[in-house]
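Since the structure comes first, as structure tokens, the remarks are kept for the end.
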Amino acid sequence: MIEVEGLTKRYGSHLAIDDISFSVAKGEILGFLGPNGAGKTTTMRILTCFFPATGGSARVAGYDCFEDSMEVRRRIGYLPENVPLYVDMKVDEYLSFVAGVKGVDAGATADRVARTMHECGLEDVSGRIIGQLSKGYRQRVGLAQALVADPEILILDEPTIGLDPNQIRDIRKLIGELAGARTVILCSHILPEISMVCGRVVIINKGRLVAIDTPENLARQLHHAATIFVRVAGPAEDVVAALGGIPGVREVEVEATHGDGANGYVVAVDEGADVRRAIPPVIVEHGWDLEEIRAREASLEDVFVELVTSEVAA
Amino acid sequence: MNPRNLGLIYRRELKSFYTSFIAYAVIAVFLAITGYLFYNLLATFSVLSFQAQANPMLAKQYNLLNVNETVVRPLFGNISMILLLMMPLLTMKLLADEKKSGTMELLLTFPLRDTEVVLGKYLACLTVLATMLAGTVTYPALLYLWGRPELMPIATGYLGLFLLGAAFIALGIFTSSVTENQVIAASLAVGMLFFFWLMSYSAVFASPDLGRIISYLAVNDHLQSLAKGVLDTEDIIYYGIFILLFLFLTLRAIESGRWRG
Ligand SMILES: Nc1ncnc2c1ncn2[C@@H]1O[C@H](COP(=O)(O)OP(=O)(O)OP(=O)(O)O)[C@@H](O)[C@H]1O
Ligand SMILES: [Mg+2]
């Protein structure tokens, strides 16, 4: 549905995105993840035909974003980052305007607008001036605006930014419900948001694509993915040496030292090695107390930090 | 170009002129100032008429006692000057504000052509201009209470005023497209309009050939002949070209803004 190849964008001499390629299948929800200034908004603006790329190509539903921009624009519902709306218009009036501009038949407009307001929970404020709505409701109007012409593709740039936790939850739920059969790109730098709703994640940093996979695969791929946390009462140096001697253990780190002599250790393990079962006998053998042992899954957050920081170091 | 899209932009923009009270403010101030100027012209005219009754020499100066020459034509001159100051206030927000508030990003990613956007906004401004001018029709109408002004110069004068205002609006949209600051947009527009206006003064000092060119380029000289009742296609073509040029430049400015990102 969306194919991006070698996409590059320069603002003057500043390279905002550099040779990015990815594709999104029909019906897929793709997370677009990156820290501030990574180039997320820039990429979305090219896909939505706001401005052309400096190099590379972007195709939506088989149409080139630059050559056939009208065809692309007809198929996309876009919620820009800061939710720009006409603040002097009423909600229903604004949605009718957007529906009209997006080619919804004049006869079907009222129906579409009513349905969209219902879906987005806007019925109570349909006659209110947009400028007087709370941020959460404006966000809903922004979403409604993107959905009102029933587009095949939905591009949402940080849809929950600046909302309180309750509203964040509501909007996320709404996005999950509204995605339906649509192809969705969801930009964010909030990790749980992405791992919750997205089937696949693109991670970009400083304009470069650093990873693209499912959240689970990304977590698994991560080199330090498998770690085991153990808490042992015993002399720290000896414990580190003993744990380090177990086959399959790559590295042992003392995480927290306590006065009572029980320290936490993070044990990094080679992939595939079954170390967890080998640890207790070693501890017991030395006559120490094993107070706690648990496996630690790498979260998407670890992946993100890892990828982004290793990129910086490189 | 899709007429439905044009209509949607036009109606949205026109409505926003009224819901934001911009149209009311501009129209009210415009009518107040022009009304005051009309009153002064009328007062001068009646004083002159009284003096002419006592002084036959003055009465022979036909021009002075012609209501068209003494009231209507100066009135049109005054109105054109007020238009120069007011039109930029109407146009300054058109694109600058869309850019500043970010709504431009949505507008330019809707399936709309840039020409539909610009023309829709332009027509909305023309409608406000027409309303402003319609409000001033009361002044010449009042003249009928006392005299019989010639109709033709009034009709062509209004055509001239409308074309002049339309030209001001085109230039105003252009300056609004090159900045996201409304104050800068309005200042640029007033500056450029004064330049096109004051050009005619330089025509006096230039060589005859150059003088003719300068005077053709000056925006107000064309109103003068229309206000005299002379309907010359040359004047109408001048305004047509002026308007098309600045609308075209506006489209170029939007386009280049796209490329710059
Ligand atoms: N109009 C512009 N002119 C010049 N540079 C720009 C412009 N827009 C963005 N940039 C730069 O391009 C880079 C990418 O910006 P972009 O807005 O795409 O990042 P982002 O991933 O959306 O960040 P955020 O999470 O803060 O929204 C940044 O370094 C930014 O400063
Ligand atoms: Mg952004």
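The values are calculated or read from the model by the stated rules, or taken from the named source; none is laboratory data. No experiment lies behind these values; they were computed from the predicted model shown. Virtual Cβ from ideal backbone geometry, glycine too; neighbours counted across all protein chains shown. Remember, those area values only see protein heavy atoms, side chains included, never the ligands or the DNA or RNA. Shrake-Rupley method; radii C 1.70, N 1.55, O 1.52, S 1.80 Å.
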Conditions: (1) within 19 Å of the chain's Cα centre (by Cα); (2) more than 16 Å from ligand 1 (Cβ to nearest atom). Residue A:135 meets all but one. Number of the miss? (1)
Complete set of residues in segment B:112-130 that are part of a helix (DSSP H, G or I) and of a type in the set (Lys, Arg): B:121
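Kindly indicate whether any position in segment A:175-187 is surrounded by fewer than 22 Cβ atoms within 10 Å (Cβ to Cβ), away from ligand 1 (no atom under 16 Å from the Cβ) and within 30 Å of residue A:268 (Cβ to Cβ).
The first filter runs over segment A:175-187 and keeps only residues surrounded by fewer than 22 Cβ atoms within 10 Å (Cβ to Cβ), leaving A:175-182.
With the extra rule that they be away from ligand 1 (no atom under 16 Å from the Cβ), the set shrinks to A:175-182.
The next check asks that each one be within 30 Å of residue A:268 (Cβ to Cβ); those that pass are none.
No.
Per-residue answers, yes or no, for (1) of a type outside the set (Ser, Thr, Tyr); (2) within 20 Å of the chain's Cα centre (by Cα); (3) outside any helix (DSSP H, G or I); (4) within 16 Å of ligand 1 (Cβ to nearest atom):
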{"position": "B:209", "(1), (2), (3), (4)": "yes, no, no, no"}
{"position": "B:215", "(1), (2), (3), (4)": "no, yes, no, no"}
{"position": "B:246", "(1), (2), (3), (4)": "yes, yes, no, no"}
{"position": "B:258", "(1), (2), (3), (4)": "yes, no, no, yes"}
Exclusive hit being buried (at least 19 other Cβ atoms within 10 Å of the Cβ), away from ligand 1 (no atom under 16 Å from the Cβ) and not hydroxyl-bearing (Ser, Thr, Tyr), set A:122, A:156: A:122
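Would you be able to tell me the number of residues in segment A:134-145 that are away from ligand 2 (no atom under 16 Å from the Cβ) and open to solvent by less than 10 Å² (accessible area, probe 1.4 Å)? Working first, answer last.
Quick first cut of segment A:134-145, residues away from ligand 2 (no atom under 16 Å from the Cβ) only: A:134-138, A:140-141, A:143-145.
Still in the list and also open to solvent by less than 10 Å² (accessible area, probe 1.4 Å): A:136, A:141, A:143-145.
Counting residues in segment A:134-145 that are away from ligand 2 (no atom under 16 Å from the Cβ) and open to solvent by less than 10 Å² (accessible area, probe 1.4 Å) gives 5.
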Between a first residue in segment A:8-21 that is not assigned by TED's automatic domain parsing to the domain that holds residue A:55 and a second residue that is within 9 Å of ligand 1 (Cβ to nearest atom) and of a type outside the set (Val, Ile, Thr), which pairs have beta carbons less than 9 Å apart while being 6 or more apart in sequence or on different chains? none
From the set of residues in segment A:42-70 that are in a helix (DSSP H, G or I) and crowded, with 17+ Cβ neighbours inside 10 Å, which is farthest from the other protein chains (Cβ to nearest Cβ)? A:43
Residue match in segment B:28-37 (condition: in a helix (DSSP H, G or I), in contact (Cβ under 8 Å) with a residue 24 or more places away in the chain and over 14 Å from residue B:139 (Cβ atoms)): yes
If residue A:130 satisfies all but one of (1) of a type outside the set (Gly, Ala, Ser); (2) under 17 Å from residue A:80 (Cβ atoms); (3) surrounded by fewer than 16 Cβ atoms within 10 Å (Cβ to Cβ), what's the number of the condition it fails? (3)
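Residue-wise test of (1) touching a Gly at 6+ places or on another chain (Cβ under 8 Å); (2) at the interface with chain B (Cβ under 7 Å from one of its Cβ atoms).
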site: A:73; (1), (2): no, yes
site: A:77; (1), (2): no, no
site: A:88; (1), (2): yes, yes
site: A:103; (1), (2): no, yes
site: A:114; (1), (2): no, no
site: A:123; (1), (2): no, no
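From the list B:157, B:165, exactly one residue is open to solvent by less than 10 Å² (accessible area, probe 1.4 Å), in contact with a Lys or Arg (Cβ under 8 Å, 6 or more places away or on another chain), away from chain A (no Cβ under 14 Å) and under 30 Å from residue B:42 (Cβ atoms). Which is it? Steps first, please.
Values: B:165 fails: in contact with a Lys or Arg (Cβ under 8 Å, 6 or more places away or on another chain).
Step by step, each of B:157, B:165 is checked, and only B:157 is open to solvent by less than 10 Å² (accessible area, probe 1.4 Å), in contact with a Lys or Arg (Cβ under 8 Å, 6 or more places away or on another chain), away from chain A (no Cβ under 14 Å) and under 30 Å from residue B:42 (Cβ atoms).
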Go through segment A:1-41 residue by residue and tally those that are surrounded by 15 or more Cβ atoms within 10 Å (Cβ to Cβ) and among the aromatic types (Phe, Trp, Tyr). 2
Name the residues in segment A:1-58 that are more than 8 Å from ligand 1 (Cβ to nearest atom) and among the polar types (S, T, N, Q), would you? A:8, A:13, A:21, A:23, A:48, A:54, A:57
From A:64, A:68, residue being of a type outside the set (A, V, I, L, M, F, W, C), out of contact with any Ser or Thr (no Cβ under 7 Å at 6 or more places or on another chain) and away from ligand 1 (no atom under 15 Å from the Cβ): A:68
When residues of segment A:23-41 are limited to those that are touching a residue at least 40 places away in the same chain (Cβ under 8 Å) and outside any loop (DSSP other than H, G, I, E, B), the one nearest to ligand 2 (Cβ to nearest atom): A:41
Quick check, is residue A:62 out of contact with any Cys (no Cβ under 6 Å at 6 or more places or on another chain), within 16 Å of ligand 2 (Cβ to nearest atom) and at positive phi? no
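Pick out the one residue from B:255, B:234 that is acidic (Asp, Glu), within 14 Å of chain A (Cβ to nearest Cβ) and open to solvent by 30 Å² or more (accessible area, probe 1.4 Å). Explain how you work it out, then say what you get.
Numbers: B:234 fails: within 14 Å of chain A (Cβ to nearest Cβ).
The unique qualifying residue is B:255.
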Here the residues within segment A:1-55 that are of a type in the set (Val, Ile, Thr), in contact with a Lys or Arg (Cβ under 7 Å, 6 or more places away or on another chain) and more than 18 Å from residue A:79 (Cα to Cα) are A:17, A:54
I need the full set of residues from segment A:125-138 which are away from chain B (no Cβ under 14 Å) and in contact with a helix residue (DSSP H, G or I) (Cβ under 8 Å, 6 or more places away or on another chain), in order please. A:125, A:126, A:133, A:135, A:136, A:137
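Just give me the residues in segment B:127-154 being open to solvent by 30 Å² or more (accessible area, probe 1.4 Å) and of a type in the set (A, V, I, L, M), in sequence order.
Listed by number, the residues that qualify are B:130, B:134, B:137, B:141, B:142, B:145, B:151, B:152.
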